[in-house]
Structures are given as structure tokens and as C-alpha cells.
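What follows is calculated from the coordinates using simple rules that are stated; it is not laboratory data. Small disclaimer: the values here were computed from a predicted structure and weren't measured. Cβ atoms come from the backbone with ideal geometry, glycine included; neighbour counts cover every protein chain shown.
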Amino acid sequence: MTVTRRDTDTVRALRELEDGRSSVRLRAALAVGSTPDPRFVDKLVERCAIEPEFFVRDMLTWALTRHPVSVTLPELLREVRSERAQARSQALHTLSKIGDRRAWPAITATLLADADDEVARSAWRAAVVLVPEGEESALATALATQLGRGGRETQLSLSRALVALGEAIVPALRTATTAPAPSIRAHALATRRLLRDPDAGFEFAIEEAKRIVVLGGSDQEG
């Protein structure tokens, strides 16, 4: 059997994706994305699950988006059920970049409430991209169960995801402003402020919301 130049390049790229130098892995991912080949997909998905460098992972995701969805989608849908948190997170991130709504059924309530903050954040971002028309209110209700969770970055991610759904989030936020936990009430108020005034900034909105909660209010307007 004749070995072609393309076959040789494929073997080299697959090997370099596992190189100990991040710069080599980055170049390999760029090369793979520049010359898509279904033979790369398994390795790209595998590397996403274990790649330690963010910028290389981002290039791996880009490379996957360059391949046919018919090839990548089944692999990514399997990954979102992986026991490895990074595999779930990166697969969700890649699905959000691909944007094919056939992936929507994989965005389960379990993923939206994943114990790993990075997985949950990736699930929130993917959900608002993939949600079918008419399902926004149900998604808002599911996302609202995570209000008050985590630190600033996690809360900001959730607020951004909710705001991206627009007016569909108002009923869920209204309910959350009466929750027993002050952190949930404050996060709901801050998110509603961002919906009404996107230029307010999260820091300002959350501090203002905390003051309202401390003073015993819930700011039910809206």
C-alpha cells in the first residue's frame, strides 16, 4: 500500500498533539484544523479531555469545529457523559461553538447543576446557544436554581447566561427574589438589574443588590 504525503502529515500531527511542549501541541492543533480529516476527530476529543493548557484546548475546540458535524457531534455527546470533569466541560464548550441544536437533549438538568463549577458554567453557556425556540422560560427556571452559587466568576457566568435569554427570565428571577437565602435574592436582583441595564456592570449590580437585601427589601418591581 502506498503511503501518501497526506498520510505522513496525519501521523506526524497526531503524534505532535501529544508532544510535551505546549507550543508544539498548539501548532499541531492549528494544522489539524487547517486541513480537516475525520481521522483526527477521535484524537482531538481525547486531547480536549486531558490538555492542561487553556490556549491549546481552545485551539483543539476550533479544530473540531472545522470538521463535519456528522462526525464530531456523536463523539462530543458521549463526552458530556464522561466521568472526567474536563472532558464534560470542554465537550460542552465545543458544542456551544458548533451551535447545532440537535445537541440540545444532551443539556440535562444534571449538567446544569454539575458539582464542578467549570462544567456547570460550560453547560450554561451551551444551553443558551442551543435552547430551541419556545423553551427559554423552562431553561430560565432551571438556571435560576443555581442562583447564589459559587464565587464572582461563577455568578457572573450564570447572570450572563440568564440575561442572554431576555425577558423569559423575569418570572424566574421574581420568584428567586423571595428565596430564603440572601445570596440567592442578591444574585437574582443583580441579574435583573443587568437585564434592564446591561451597562451597569456586575460588580455594581451585585453590591447594590446586597444592600437592598441587607435592608430587608426584595425590589419586586419588574
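List of remarks:
- Loop-located trypsin sites (Lys or Arg not before Pro) across segment 5-105 with a Cβ neighbour count of 10 or fewer within 10 Å are Arg21, with loop assigned by DSSP.
- A Förster radius of 25 Å combined with the Cβ-Cβ distance from Leu215 to Arg160 puts the calculated FRET efficiency at roughly 0.40.
- Cα-only Debye scattering, segment 33-151: base-10 log of I(q)/I(0) at q = 0.09, 0.23 Å⁻¹: -0.23, -1.32
- Convex hull volume per residue, computed on the Cα atoms of segment 137-222, equals 78 Å³.
- Distance between modelled label sites at Thr65 and Glu18, nm, 7 Å Cα→Cβ extension: 2.8 nm
- Net +/- balance of residues flanking Ala179 in space, Cβ distance below 13 Å, scoring K and R +1, D and E -1: +3
- Normalised by the number of residues in the chain, the mean separation of alpha-carbon contacts (under 8 Å, six or more apart) gives a relative contact order of 11 percent.
- Here the spin labels are modelled as points 7 Å beyond Cα on the Cα-Cβ line, and at Arg102 and Asp9 they lie 2.8 nm apart.
- Among Phe40, Phe202, Phe54, sorting on how many other beta-carbon atoms sit within 10 Å of each Cβ, with the fewest leading, yields Phe54, Phe202, Phe40.
- Mean residue ellipticity at 222 nm, helices only, the chain: -20000 deg cm²/dmol; runs of at least 4 DSSP H residues each add -39,500 (n - 2.57), and the sum is divided by the number of residues.
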